[in-house]
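Computed from the coordinates by the stated procedures, all read-outs in this text should not be read as laboratory data. These numbers come from a predicted model, not from an experiment. Cβ placement follows ideal geometry from the backbone for every residue including glycine, while neighbour counts extend to all protein chains displayed.
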Amino acid sequence: MKVLAILYSGGAAAKEEPRLLGTLENELAIREYLESQGHEYLVSDDKEGPDSFFQKHIADAEVLITTPFHPGYLTADLFEKAKKLKICITAGVGSDHIDLNAAVAHQVQVLEVSGSNVVSVAEHVVMNILLLVRNFVPAHEMIERGDWQVSQVARNAFDVEGKVIGTIGAGRIGYRVLQRLLPFNPKELLYYDYATLPAEAEKAVNARRVEDLKDFVSQCDIITVNAPLHEGSRGLINTELLSHFKKGAWLVNTARGAICDKDAVAAALKSGQLRGYAGDVWDVQPAPRDHVWRTMKNPLGGGNGMVPHYSGTTLDAQARYAKGTKDILDNYLTGKEQEPGNVIIGLGKWGTKAYGQR
Ligand code: NAD
């Protein structure tokens with residue numbers, strides 16, 4: 001059996017730090033496991049274009065493993081080529097790099113290591129909210145420059161306490177964000193999700209569901225996006241929706257870059273409609289050097305908390321998703337039932353309700 005993995009190159013860091021398991025160099029630590037059973041394990045970071053390692057070897061791979069941090073994009077066209085493919089495993093959470101409708105049609109299963117990095121991301125979201133609201137990045141840059149002008153950064157710094165904070169998507173990550181924000185004494189916690197939280201869960205975080213998206217965004221001072229990318233969420237945050245945000249709201253997106261319209265966000269930040277935007281996910285990854293989100297700023301020169309896609313790939317998370325990947329492989333190879341929570345696409349059918357209302 002041929003197992004193909006698309007992972008990112010970790011360079012010198014991955015050689016020095018073996019716990020960087022999600023890298024090309026450390027191969028999710030499953031080579032010995034696979035080869036001892038006679039399977040072929042091919043790993044590469046070369047994933048773009050018809051001559052790439054990915055597109056060449058997808059033709060006869062039975063298993064595809066890829067991380068959302070450096071995704072091999074499995075389009076409907078590539079499914080036509082992938083004649084032997086049976087299972088795609090996402091080493092992490094978020095399988096939008098795979099055309100999931102095509103996976104259903106081709107009877108290819110898609111599994112992810114659900115829950116493996118949800119705490120890692122929730123912590124990053126809380127950090128992003130704090131660094132935007134408190135205007136941290138410009139304050140730190142001022143110190144590095146050798147300057148000291150308190151008023152220049154304090155003029156755009158606020159408290160999280162007393163703000164209305166809302167999450168788009170209240171699943172594993174969104175709910176954990178709400179739990180972690182509660183001790184900050186927000187004015188209110190809101191959520192927008194077609195799935196209602198169980199009453200006890202809602203009560204435990206004192207959250208209120210708002211059913212209409214425009215109504216929801218118009219009430220929030222701070223919005224965090226925690227929904228998967230699918231047909232119903234692609235481009236959800238666009239110029240029109242941004243016009244319904246409170247002027248000077250903060251937006252954090254660690255879900256998927258393409259949920260936000262890149263240029264609409266940059267324009268809203270420039271005009272001050274958004275006071276800040278932070279996250280780690282981009283519409284194309286790796287993001288091009290000239291991607292507008294790298295350098296966009298609000299009118300006072302701050303409000304940008306962008307980093308590369310790493311919130312869900314802390315060393316703690318990598319240990320969990322590497323183990324989870326091996327468990328999924330093991331279930332597949334031994335014919336055991338998969339954990340239901342990990343099944344995005346089962347054999348010819350959807351295994352989750354989180355990728356849009358169908
Ligand atoms: P989950 O399946 O537990 O929850 C997703 C929730 O979003 C569900 O409640 C679903 O009903 C809701 N939802 C779906 N579409 C929606 C829409 N259009 N509007 C509002 N709500 C919607 O998933 P999770 O574990 O919380 O992860 C969410 C997403 O976060 C993943 O799909 C992935 O894209 C992203 N993620 C990013 C990182 C990272 O490193 N940045 C890591 C893990 C996950």
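A few points about this structure:
- Strands (runs of 3 or more DSSP E) fully within the range 157-227 that include at least 1 residues being within 16 Å of the ligand (Cβ to nearest atom) and surrounded by fewer than 18 Cβ atoms within 10 Å (Cβ to Cβ): 207-209.
- Restricted to the range 70-99, and to residues there that are surrounded by fewer than 24 Cβ atoms within 10 Å (Cβ to Cβ) and touching a strand residue (DSSP E or B) at 6+ places or on another chain (Cβ under 6 Å), the residue that is farthest from Leu21 (Cα to Cα) is Ile87.
Let's see how each residue does on (1) within 23 Å of Arg172 (Cβ to Cβ); (2) in contact (Cβ under 8 Å) with a residue 24 or more places away in the chain; (3) more than 16 Å from the ligand (Cβ to nearest atom):
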site: Cys260; (1), (2), (3): yes, yes, no
site: Gly279; (1), (2), (3): yes, yes, no
site: Trp282; (1), (2), (3): yes, yes, no
site: Val292; (1), (2), (3): no, yes, yes
site: Pro299; (1), (2), (3): no, yes, yes
site: Gly312; (1), (2), (3): yes, yes, no
site: Gly324; (1), (2), (3): yes, yes, no
site: Lys336; (1), (2), (3): no, no, yes
site: Ile344; (1), (2), (3): yes, yes, no
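- Taken over the range 21-73, the criterion of being more than 30 Å from Gly279 (Cβ to Cβ), of a type in the set (Asp, Glu) and assigned to a helix (DSSP H, G or I) is satisfied by Glu32, Glu35, Asp60.
- The set of residues from the range 346-358 being within 13 Å of the ligand (Cβ to nearest atom) and surrounded by fewer than 16 Cβ atoms within 10 Å (Cβ to Cβ) comprises Lys353, Gln357, Arg358.
- Residue check, Tyr8 within 24 Å of the chain's Cα centre (by Cα) and buried (at least 18 other Cβ atoms within 10 Å of the Cβ): yes
- Among the conditions (1) under 20 Å from Val3 (Cα atoms); (2) without any contact (Cβ under 8 Å) to a residue 60 or more places away in the chain, Ser151 misses just one, which is (1).
The rows are residues; the columns are (1) on the phi < 0 side of the Ramachandran plot; (2) assigned to a loop (DSSP other than H, G, I, E, B); (3) small (Gly, Ala, Ser).
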{"position": "Glu80", "(1), (2), (3)": "yes, no, no"}
{"position": "Leu85", "(1), (2), (3)": "yes, yes, no"}
{"position": "Ala103", "(1), (2), (3)": "yes, no, yes"}
{"position": "Asn128", "(1), (2), (3)": "yes, no, no"}
{"position": "Ile143", "(1), (2), (3)": "yes, no, no"}
{"position": "Val153", "(1), (2), (3)": "yes, no, no"}
